[in-house]
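This report refers to the structure that appears directly beneath it.
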Amino acid sequence: MNSRALPFVALILGACAIGFVPNLVRLADTGPAAAGFWRMALSLPILLPMMLRDGRGLALRPSNASLLAGLFFAGDLAFWHYGIRYTSVANATVLANLSPVVVTAVAWFAFKERPGRVFLTGLVLALSGAWTMAAAAQGGRPGALLGDLLSVTTALWYGLYFIAMRQARQGEGAGRAMFWSTAGAVPILLVVAIALGEPLAPASMGGWLACLGLAVAHVTGQGAIAWALGRLPTATASVVVLAQPVVAAIVAFFLFREILTPLQMAGGVLTLIGVVIAQRAPIVAAPAQRAQ
């Protein structure tokens with residue numbers, strides 16, 4: 001078998017697993033933040049053996065970076081899950097995938113990693129597509145604009161999570177960083193769910209199964225993508241991962257009869273093309289850095 005075949009299959013399966021997440025949130029039969037709480041809490045028993053493999057167990061305290069990543073991921077889930085409640089699954093998933101654009105923009109301002117014209121072209125296309133999707137959805141679900149705004153904000157939270165996790169991974173293995181960031185998100189999501197008066201426990205067996213499915217999708221999807229990213233070219237991986245919105249939209253059609261208008265589909269395609277271009281853009285060092 002080709003050395004890239006297995007990572008490619010893992011990447012596709014991981015992207016498909018994450019594509020089921022927004023639909024499982026709808027089926028969780030609980031509040032949006034509470035669904036995030038169960039997603040993280042039920043993931044911990046699965047992640048624990050991965051964390052213990054390095055032999056240091058629970059004795060080694062988590063890094064500040066991994067706990068900070070948990071804070072940002074809690075924000076990501078809370079905003080995204082509420083976005084899924086108000087807008088379509090396709091809109092919520094596509095708009096949340098603006099995170100690569102946000103990561104580069106944050107790095108631009110925080111680390112002086114100045115992007116060039118290619119990135120700016122991708123940024124314009126992605127934002128134009130996002131605006132088109134949001135405008136086209138206003139005649140559909142009530143509160144769709146709020147859902148779209150929450151989903152776009154999710155991209156900011158995930159961008160911050162990505163940066164914090166990158167810092168955590170400099171001193172911790174992937175299993176340990178993922179375990180502690182997940183553990184850090186659990187109490188935050190619980191507090192948010194209680195503060196917003198959400199029902200915490202699913203009211204049906206189907207709801208509990210959906211919450212368990214969220215945990216399995218979280219671990220297998222994120223784990224498969226993380227494993228494959230280290231074995232495939234970034235350009236290839238960046239395109240395949242964007243299968244998530246496609247899978248999410250297909251599943252939403254069969255489960256909830258969510259039908260995308262031609263304008264929404266065009267906006268979604270334009271957004272994803274912009275994200276791909278932005279991800280592949282070279283980063284240019286700032287003049288002050290080049291002088292050092």
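The values are calculated or read from the model by the stated rules, or taken from the named source; none is laboratory data. Since the model is a prediction, treat every value here as computed from it, not as a measurement. Note that we place each Cβ from the backbone using ideal geometry, even for glycine, and neighbour counts take in every protein chain shown.
Per-residue answers, yes or no, for (1) within 14 Å of Phe37 (Cα to Cα); (2) buried (at least 21 other Cβ atoms within 10 Å of the Cβ):
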site	(1), (2)
Trp157	no, yes
Arg166	no, no
Gln170	no, no
Leu189	yes, yes
Pro199	yes, no
Gln222	no, no
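If the requirement is being touching a helix residue (DSSP H, G or I) at 6+ places or on another chain (Cβ under 9 Å) and under 29 Å from Asn64 (Cβ atoms), which of these qualifies: Ile250, Ile259, Ile225? Before the answer, list the steps.
Numbers: Ile250 fails: under 29 Å from Asn64 (Cβ atoms); Ile259 fails: under 29 Å from Asn64 (Cβ atoms).
Answer to the check: Ile225.
Does any residue of the stretch 229-246 turn out to be in contact (Cβ under 8 Å) with a residue 12 or more places away in the chain, of a type in the set (Ser, Thr, Tyr) and crowded, with 20+ Cβ neighbours inside 10 Å? Among the residues of the stretch 229-246, not one is in contact (Cβ under 8 Å) with a residue 12 or more places away in the chain, of a type in the set (Ser, Thr, Tyr) and crowded, with 20+ Cβ neighbours inside 10 Å, which makes the answer no. Looking across the stretch 274-285 at every residue that is over 13 Å from Pro245 (Cα atoms) and assigned to a helix (DSSP H, G or I), the one that is modelled with the highest pLDDT is identified as Gly274. If you go through the stretch 113-134 and keep only what is surrounded by 15 or more Cβ atoms within 10 Å (Cβ to Cβ), modelled with pLDDT under 75 and not in a strand (DSSP E or B), you end up with just Ala134. A count restricted to the stretch 261-275 and to residues that are in contact (Cβ under 8 Å) with a residue 24 or more places away in the chain and under 12 Å from Ala134 (Cα atoms) stands at 7.
Evaluating Leu160 against the criteria (1) without any contact (Cβ under 8 Å) to a residue 40 or more places away in the chain; (2) farther than 24 Å from Leu255 by Cβ leaves one unmet condition, (1). Close contacts from the stretch 59-72, counting a first residue that is part of a helix (DSSP H, G or I) and a second that is surrounded by fewer than 20 Cβ atoms within 10 Å (Cβ to Cβ), with Cβ to Cβ under 6 Å and a gap of 6+ residues or different chains, come to Ala65/Gln167.
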